[in-house]
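Colleague: What follows is a structure written as structure tokens; I'll ask about it next.
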Amino acid sequence: MQSAAVVNFAPEYGSVEIREIDQPAIGPDDVLLEVAKVGVCGSDLHQWTADHSWPVNYPVVLGHEFGGHIVSVGENVENWNEGDRVVSEMAAIISQDNPMTRRGLYNLDPTRQGFGYGVNGAMTRFVRVPSRILHHVPDQLPFEQACLTEPCCVAYSAVVKNGSIEPGDRVLVLGPGTIGILCAATARLCGAQVAIVGLEQDAARLEIARQYGCEVIIGDAKPWAMERDGLGCDGVIDAAGASATLKIALEMVRPAGWISKVGWGPQPLDFNLDPLVQKNVTLQGSFSHNWPIWERVIALLTSGQLNVKPIIGGVWPITDWHEAFEKMHSGAVVKSVLTPV
Ligand SMILES: [Zn+2]
């Protein structure tokens, strides 16, 4: 049986097309998952436009933000059954012996390979998933929202695990993409006063951020950062896709404050890091997520404390992937979601 898949077939710009692929065979520790919904990630766009900075096993089916039903289970799989509603983490391949894996930080195992670049992803009808990265999705949480668990986990990790928020703290978020907006929403959940900064062309996305109870700033964030006592804000979450925004973060943060950097870009820096030293600032990188973060985020999505509905700009059949990608690429929508056909 064959199904349509959104395939990234080469490292050149625009090398994405619909191809018919066979239903994958599963191993003894895997399940076969029938995809209900799959989110489009900025990284899918980067592979399409060939400005990504990670190795890709071409050809590969795109898509790592997904959920659906289990349709069959491998012989070693316990506690999962046909018909279960699930979402899957990204870490399709890890080394069980890696020291990072052994301490539960398999997301930081350098040999880790994820869906959509290392192995075939979920922009198709069936995907092979190791049972160790599955999570139950309660009936009341629709797949359209559940499929966005992954970017919510990125934000939770950047804000809760790698930031440090007390209620009433002032937290500035740089970059109004999916991750920036979800970071702002998560910082609000932690009790912070939050502002999110973008450029003129981000106006539509910033309006969506406003729905999460954040202030919106186009351009200079300094007045907001200095408003309380002139020293700067307590924390900065840098979710912009560039290294250079670190300079802004260092200007806005108060002495003994923190910066959680989750956005990245390949450009080198051209400024001096003395403010980091002089202000005694904690600079923390934030990458990916692991099992306990997924469980917590699913609980937040299920209770409605974290609501991803405002960021969903539309749902398209995967055969219309081009329009869904283009809308996100142009910034017309924050997040596109696809349905397999
Ligand atoms: Zn993603």
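Please treat every number below as a calculation from the coordinates, not as lab data. Predicted model only: the values in this text are computed from it and were never measured. Positions of Cβ are backbone-derived with ideal geometry, glycine not excepted, and every protein chain shown enters the neighbour counts.
Colleague: Treat the chain as a sphere of radius equal to its Kirkwood radius over Cα pairs and apply Stokes-Einstein at 25 °C in a medium of 0.890 mPa s; give the translational diffusion coefficient in µm²/s, rounded to a whole number.
Modeller: Calculated translational D: 120 µm²/s.
Colleague: Could you tell me whether segment 1-125 comes out rounded, prolate or oblate from its Cα gyration tensor? Rule is a ≥ b ≥ c as square roots of the eigenvalues, rounded for a/c under 1.5, then prolate if a/b exceeds b/c, otherwise oblate.
Modeller: oblate
Colleague: Taking the Cα centre of segment 241-332 as origin, work out the dipole magnitude from +1 charges on Lys and Arg Cβ and -1 charges on Asp and Glu Cβ, in debye rounded to 20.
Modeller: 340
Colleague: Regarding segment 109-191, what are the three Cα extents along the principal axes, ordered largest first, in Å?
Modeller: Cα extents, longest axis first: 45, 36, 24 Å.
Colleague: R0 = 35 Å: FRET efficiency of Thr302 with Ser330, Cβ-based, nearest 0.05?
Modeller: 0.60
Colleague: Please give, to one decimal in nm, the separation of the simple spin-label points placed at Glu200 and Asp270, each 7 Å out from Cα toward the Cβ.
Modeller: 2.2
Colleague: I want to verify the translational diffusion coefficient of segment 267-341 in µm²/s; compute it with Stokes-Einstein, Rh as the Kirkwood radius over Cα pairs, at 37 °C and 0.692 mPa s.
Modeller: Estimated diffusion coefficient is 200 µm²/s.
Colleague: Just going by the charge dipole of the chain, with Lys and Arg at +1 and Asp and Glu at -1 on Cβ, which of Gly39, Leu283, Ala91 is farthest out on the positive end?
Modeller: Leu283
Colleague: What are the membrane-span-like helices in the chain by this rule: whole DSSP H runs, Cα extent along the axis at least 15 Å, mean Kyte-Doolittle hydropathy at least 1.0?
Modeller: 178-189
Colleague: Which is farthest toward the positive dipole end of segment 195-314 among Ala203, Ala244, Ile293, measuring Cα position about the Cα centre, with Cβ charges +1 (Lys, Arg) and -1 (Asp, Glu)?
Modeller: Most positive-ward Cα: Ile293.
Colleague: In nm, to one decimal, how far is the Leu105 label point from the Arg228 one, both placed 7 Å along Cα→Cβ?
Modeller: 2.9
Colleague: For Lys335, go through the lysines and keep the ones whose alpha-carbon is under 16 Å away, minus same-chain ones fewer than eight residues off.
Modeller: Partners found: Lys37, Lys309, Lys327.
Colleague: Which lysines, if any, have their Cα less than 19 Å from the Cα of Lys222, not counting same-chain residues under 8 positions apart?
Modeller: Lys247, Lys261, Lys279
Colleague: Hey, could you get me the Stokes-Einstein D for segment 136-244, Kirkwood radius over alpha-carbon pairs, 10 °C and 1.306 mPa s, rounded to whole µm² s⁻¹?
Modeller: On the way: Rh = 14.3 Å.
Stokes-Einstein gives a translational diffusion coefficient of 111 µm²/s.
Colleague: What number, rounded to the nearest 500 deg cm²/dmol, is the helix-based mean residue ellipticity at 222 nm of the chain, given -39500 (n - 2.57) per DSSP H run of at least four residues and division by all its residues?
Modeller: -6500 deg cm²/dmol
Colleague: Related question: Over all Cα pairs of segment 204-329, how is the pair count split among 5 Å bins, expressed in % and running from 0 up to the last occupied bin?
Modeller: Going from the shortest bin to the longest, the percentages are 2, 8, 13, 16, 18, 18, 13, 7, 3, 1, 0.
Colleague: If you find the alpha carbon centre of segment 155-192 and of segment 35-51, how far apart are they in angstrom?
Modeller: If we compute the Cα centre of each part, the gap is 24 Å.
Colleague: Under a Cβ-only charge scheme (Lys and Arg +1, Asp and Glu -1), can you give me the dipole magnitude of the chain about the Cα centre, in debye to the nearest 20?
Modeller: It works out to roughly 700 debye.
Colleague: Give the calculated FRET efficiency between Asp220 and Lys309 to the nearest 0.05, with a Förster radius of 41 Å applied to their Cβ-Cβ distance.
Modeller: The value I calculate is 0.85.
Colleague: Report the gain in length on full extension from Val71 to Gln96: 0.36 nm times residue separation, minus Cα-Cα distance, nm rounded to one decimal. Intermediate values should be presented prior to the final figure.
Modeller: Numbers: separation 25, 0.36 × 25 = 9.00 nm, distance 2.60 nm.
Roughly 6.4 nm would be gained on extension.
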